[in-house]
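Peer 1: My questions all concern the structure below.
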């Protein structure tokens, strides 16, 4: 009996290699650059410190300001996941729109049923990781990804 192995047809899309965020060395490699990118993103989107803290999963003000001044060497998996979503959203917006709209989009009322007339920022603040994933998928679909 011959066993045939199924082969997927060729595609221009490659699967992304997953980063093992449980690996401490990987988290250390990603932590500082991700936080620096987040603080630039927060400035670009004109986020308040309170909004930034909530997007990072809620954290004490004191910790937030220490991180803002000097990013820690390593952060936890949850916050790195949040940073990945937010940076991906930021990048997708800059692919889809000019710089001005990419900066303002997050704060503009949106008629997409996902947002129900609210701003994407309010949706993200209320919905946490699930909302971040939804917005990332929406934008990736709009730009022809995933």
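Peer 1: Just to verify a number: FRET efficiency for residue 5 and residue 77, C-beta to C-beta distance, R0 = 22 Å, to 0.05?
Peer 2: The value I calculate is 0.05.
Peer 1: Where does each of 78-91, 111-124, 56-69 land if you order them by average Cβ count within 10 Å, highest first?
Peer 2: Taking the mean over residues of other Cβ atoms within 10 Å, the ranking is 78-91, 111-124, 56-69.
Peer 1: Shape of segment 11-144 from its Cα gyration tensor (a ≥ b ≥ c, root eigenvalues): rounded if a/c is under 1.5, otherwise prolate when a/b > b/c, or oblate?
Peer 2: Oblate shape, in that a/c is at least 1.5 and b/c is the bigger or equal ratio.
Peer 1: Compute the angle between helix 120-142 and the longest alpha-carbon principal axis of the chain, please, reported from 0 to 90 degrees and rounded to the nearest 10.
Peer 2: The answer is roughly 40 degrees.
Peer 1: How far is the Cα center of segment 89-136 from the Cα center of segment 11-76, in Å?
Peer 2: 18 Å
Peer 1: Can you give the angle from 0 to 90° between the axis of helix 24-44 and the longest principal axis of the chain, with both taken from C-alpha atoms, to the nearest 10?
Peer 2: Value to nearest ten degrees: 50.
Peer 1: Okay, next question. What 222 nm value per residue comes from the helices of the chain, counting each DSSP H run with n ≥ 4 as -39,500 (n - 2.57) and dividing by all residues, nearest 500 deg cm²/dmol?
Peer 2: It comes out at -19000 deg cm²/dmol, rounded to the nearest 500.
Peer 1: So, in nm, how far is label residue 133 from label residue 63 when the simple model puts each one 7 Å beyond its Cα toward the Cβ?
Peer 2: In this crude label model, residue 133 to residue 63 measures out at 2.2 nm.
No lab work stands behind these numbers, since they all come straight from the coordinates. This is a predicted model, so every value here is computed, not measured. A quick note on method: Cβ atoms are made from the backbone with ideal geometry, for glycine too, and the neighbour counts reach across all protein chains shown.
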